[in-house]
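These notes concern the structure reproduced below.
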Amino acid sequence: MRRLFLVMLALGFAAGIALAQYGKPAESKPVGQAAAKPDFEITASYIEACSCDMFCPCYFNTRSTLHGMDQYCRANLVLHVDKGYYKDVKLDGAKVWIATDLGSNWSTGKDSWVVVNFDPSVTPGQKAALNDIIGQLYPFKWEKMAGDTVAFSWNVDTKAGIAHAKMANGKGEVVLERSNGDNATKEIVIQNLKYWMAQSNSGFRMWKTKHEAFEGQGHKFSYDGTNGFLITIHFSGQAKP
């Protein structure tokens, strides 16, 4: 039975209503009543890496992995909006780097923190829109929250099998390498697994982390050979006050 966590989030900016993949099912509409047109809708692609072994145990548990004597999940979620809008604001091409530690317990957010970094190319209007979208996509109760603005690159080379994101100041980097299965011509993809509050996704493409690191706002971590994946999500909804 899926759990429902009702937690309030202020990701610096917005509120959420449910925790990660343990979301509330959508309410049915009366027959003949059309669903409201969404205030926002995005398709976004990610280069993502975390401190755990392949594959994310957090997607199947309500707590983070035990590493020695400590429980944590430190990650870089680097997203590029392929296409999207928020009311009358176009979001195509916007880039956001989310560095985080989910802490020791998902249900409480204990020991957790998040830093939301916008690329300087993101306009004030886009930033305001993405604040709301991110708050709803990741409705998590972080103990510490911060924001920043640092330029970064984002590139996926499917032919070479390398995905790379790097901050211009050298404080953040993610390098993923494609993992080959029995058939080297096909990617290893996990299907039928919810990505946070996104309504749908293309599947978790297993691209193992060669290196990931982050330093900023009093936080610092670095890992090699850990969990990593690529994913494209679709998320839509109504604007929050």
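For the stretch 71-78, 3J(HN,Hα) computed residue by residue from phi via the Karplus equation (6.51, -1.76, 1.60; θ = phi - 60°) reads 10, 6, 9, 9, 8, 10, 10, 10 Hz, glycine and proline entered as x. Remark: for residue pairs Lys166/Lys220; Lys110/Lys208; Lys95/Lys210; Lys166/Lys210; Lys87/Lys240, the C-alpha separation exceeds 18 Å in Lys110/Lys208; Lys95/Lys210.
For Lys37 and Gln199, the difference between the fully extended length at 0.36 nm per residue and the C-alpha to C-alpha distance is 56.8 nm.
Restricting the calculation to Cα atoms, the stretch 94-241 shows an Rg/Rh of 0.96 when the hydrodynamic-style radius is the Kirkwood one. In the stretch 122-197, carbon and sulfur make up what percent of the accessible area (probe 1.4 Å)? About 49 percent, which is the carbon plus sulfur part of the accessible surface.
The values are calculated or read from the model by the stated rules, or taken from the named source; none is laboratory data. For clarity, every value in this text was computed on a predicted model and none was experimentally measured. Side chains are part of the model used for accessible areas, which takes the heavy atoms of the whole protein and leaves out ligands, DNA and RNA. Shrake-Rupley method; radii C 1.70, N 1.55, O 1.52, S 1.80 Å.
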